[in-house]
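Have a look at the structure below before the remarks.
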Amino acid sequence: MNKTILCIGAGYVGGPTMAIIADNCPDYKVIVVDKNEARIKAWQSDTLPIYEPGLDEVVKRTRGRNLFFSTDIFGGINEADIIFVSVNTPTKTFGAGAGKAADLQYWEKTARDIIEHSSHDKIVVEKSTLPVRTAAAMQRILQSNTKGLNFEVISNPEFMAEGTAVTDLQHPDRVLIGSMSTPGGQAALQRMLDIYTHWVPREKIKTTNIWSSELSKLVSNAMLAQRISSVNSISALCEKTDANILEVSAAMGLDSRIGSKFLKASIGFGGSCFKKDILNLVYLAEFYGLPEVAAYWEQVVLINDYQERRFVAKICNKMFNTIAGKKIAVFGFAFKADTGDTRESPAIYVCKMLLEERAKLAIHDPKALENAMLELADETGDISYCTDPYEAVKGAHCIAVLTDWKDFLKYDFRKIYELMEKPAFIFDGRNLLDHKAMFDLGFNVYPLGQSALSHLK
Ligand code: NAD
Ligand code: UGA
């Protein structure tokens with residue numbers, strides 16, 4: 001049996017997933033290809049293109065042994081039996097469905113490359129997150145080949161989160177494999193099981209029909225995001241009523257039917273997928289003539305936007321209704337801790353709104369400064385980027401905590417207070433800091449979904 005696996009797309013998903021497969025399946029050869037030469041070069045170097053705890057070690061162990069990174073997409077297609085497609089599927093920005101539907105141009109391009117460069121039958125695995133029923137289109141394109149080749153399409157969505165990718169991939173809650181019920185589909189399913197059972201207990205591998213698998217991925221992300229928007233909406237009510245969102249979340253989470261995860265109030269969810277996948281779900285509901293379903297899920301995104309706006313409005317309001325010309329130290333730009341990724345980070349939108357109010361921004365982040373610069377490259381306001389937190393706070397009127405980096409907890413806040421203008425404010429958009437301790441140092445503290453601790457009369 002040919003045990004060569006190809007992955008098209010060496011991004012946040014393709015790189016780590018294939019490294020874990022190679023590590024656990026030494027009897028397979030795993031090739032990861034990408035059209036982006038710089039990205040492939042980085043995967044071949046000592047500085048990997050993405051930061052993920054534990055990933056360097058796995059790549060070091062496997063690279064050159066049974067894991068290979070290459071730009072030879074066509075050669076890889078011809079060599080492998082099993083092709084994972086892990087290309088990006090962003091929100092469409094043009095034409096029908098713009099702003100909501102998934103842009104499948106990269107996806108379709110890979111299907112056409114596969115037809116053109118294959119000389120034997122293959123299994124094509126949907127690793128990217130895709131609209132339900134994409135496999136039907138994929139199968140139709142692939143079967144249109146004139147070489148008499150057979151292609152089986154499998155859905156195997158990825159559930160890893162950034163920052164914890166290695167642990168999530170090594171110990172997944174579940175692996176989902178959707179397949180066709182035909183003999184060919186079932187044989188392809190068996191080939192997938194052969195791979196995953198190298199390290200995932202069989203009871204954690206869920207097999208379904210292909211449409212359920214595709215839809216489960218979109219809905220899993222939508223449900224997670226919905227919990228965050230639910231709790232964020234309640235954080236606004238807490239601020240009006242002196243209830244405390246931490247206590248409310250903890251009390252709710254103790255109900256085993258609700259569970260405690262994803263109930264942390266924040267300035268909003270970010271990341272490359274939540275918003276795009278919900279909008280895609282909204283589009284699908286509209287497409288299938290279900291406007292009520294579409295409106296229900298769209299509200300999750302609208303509350304997220306509201307939470308970002310509400311945070312900025314609070315900063316303006318509490319700092320005497322103007323922040324024009326005032327320096328604001330932004331602590332954290334990544335969309336969450338332990339990653340340098342800033343895609344759809346709430347910090348982007350918060351910073352843009354602060355700049356509209358003519359605030360001066362000093363942005364500090366342990367891993368995401370380069371990406372922050374790219375995200376704000378078109379902004380004309382007064383922005384500085386500081387690797388040193390003490391530089392960022394010098395002469396600042398307030399600190400806005402936008403990412404939950406634990407590193408911030410180690411900073412010397414007495415020194416920080418001394419370096420800042422007075423009255424000094426903290427707006428903690430992640431409820432990260434010890435608010436009482438900050439208040440005792442002299443700060444006016446505005447947590448999220450909790451009463452303010454203010455020295456101002
Ligand atoms: P990414 O943008 O980091 O990587 C995609 C890569 O595919 C890019 O490097 C791009 O150059 C390459 N590519 C695009 N078209 C190509 C082609 N025709 N030939 C060769 N290479 C091509 O994206 P990502 O974050 O890895 O996400 C990939 C998919 O996985 C998306 O559908 C996403 O929704 C899904 N997903 C992402 C995560 C995550 O944490 N980022 C988690 C689960 C699922
Ligand atoms: C998310 C999902 O958790 C993964 O299962 C999924 O595979 C992935 O999307 C994807 O499809 O791309 P990720 O975006 O990496 O993973 O990160 P999360 O940990 O889910 O965080 C997303 C956002 O929600 C972050 O901005 C985070 O700060 C925020 N969040 C998370 C909260 O505001 N509150 C919480 O309680 C949890």
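The values are calculated or read from the model by the stated rules, or taken from the named source; none is laboratory data. Model, not experiment: these values are computed from the prediction. Heads up, the Cβs are rebuilt from the backbone with ideal geometry, glycines too, and the neighbour counts pull from every protein chain shown. Surface areas here come from the heavy atoms of the whole protein model, side chains and all, with no ligands, DNA or RNA. Shrake-Rupley method; radii C 1.70, N 1.55, O 1.52, S 1.80 Å.
Note on region 171-185: among residues that are loosely packed, with under 14 Cβ neighbours inside 10 Å and in contact with a strand residue (DSSP E or B) (Cβ under 9 Å, 6 or more places away or on another chain), the one that is nearest to residue 17 (Cα to Cα) is 174.
Of the residues examined, residue 251 is not one that is within 24 Å of residue 346 (Cα to Cα) and not in a loop (DSSP other than H, G, I, E, B).
For the residues 239, 203, the requirement of being over 21 Å from the mean Cα position of the chain (by Cα), in a helix (DSSP H, G or I), crowded, with 19+ Cβ neighbours inside 10 Å and not hydrophobic (A, V, I, L, M, F, W, C) singles out 239. Of everything listed in (1) among the small types (Gly, Ala, Ser); (2) within 16 Å of ligand 2 (Cβ to nearest atom); (3) open to solvent by 30 Å² or more (accessible area, probe 1.4 Å), the single unmet condition for residue 295 is (2).
Yes/no matrix, rows are residues, columns are (1) of a type outside the set (Gly, Ala, Ser); (2) in contact (Cβ under 8 Å) with a residue 60 or more places away in the chain; (3) in contact with a helix residue (DSSP H, G or I) (Cβ under 8 Å, 6 or more places away or on another chain):
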site	(1), (2), (3)
39	yes, no, no
57	yes, no, no
61	yes, no, yes
64	no, no, no
91	yes, yes, yes
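Residue count for region 1-40 satisfying the condition of being basic (Lys, Arg) and within 12 Å of ligand 1 (Cβ to nearest atom): 2.
Scanning region 143-170 for residues that are surrounded by fewer than 22 Cβ atoms within 10 Å (Cβ to Cβ), farther than 15 Å from residue 21 by Cα and aliphatic (A, V, I, L, M), we see that the one that is nearest to ligand 1 (Cβ to nearest atom) is 161. Checked across region 83-97, the condition of being over 24 Å from the mean Cα position of the chain (by Cα), more than 16 Å from ligand 2 (Cβ to nearest atom) and of a type in the set (Ser, Thr, Tyr) holds for no residue.
The helices (runs of 4 or more DSSP H) falling completely within region 345-457 that include 3 or more residues that are touching a strand residue (DSSP E or B) at 6+ places or on another chain (Cβ under 7 Å) and crowded, with 16+ Cβ neighbours inside 10 Å map to 346-356, 389-393, 435-441. Considered as a group, the residues in region 52-66 that are buried (at least 18 other Cβ atoms within 10 Å of the Cβ) and under 24 Å from the mean Cα position of the chain (by Cα) include one that is nearest to ligand 1 (Cβ to nearest atom), and that residue is 52. Among the residues of region 194-206, those identified as under 18 Å from residue 216 (Cβ atoms) and in contact with a strand residue (DSSP E or B) (Cβ under 9 Å, 6 or more places away or on another chain) are 196, 200, 204, 205, 206. Among residues that are open to solvent by 10 Å² or more (accessible area, probe 1.4 Å), away from ligand 1 (no atom under 16 Å from the Cβ), of a type outside the set (A, V, I, L, M) and outside any helix (DSSP H, G or I), residue 88 is not included. Of all residues in region 67-75, one or more are open to solvent by less than 50 Å² (accessible area, probe 1.4 Å), of a type in the set (A, V, I, L, M) and within 15 Å of ligand 1 (Cβ to nearest atom).
A Cβ distance below 6 Å, combined with a sequence gap of six or more or placement on separate chains, defines the contacts here; from region 329-341, residues that are in contact (Cβ under 8 Å) with a residue 12 or more places away in the chain and open to solvent by 10 Å² or more (accessible area, probe 1.4 Å) reach no residue that is part of a strand (DSSP E or B) and among the acidic types (Asp, Glu).
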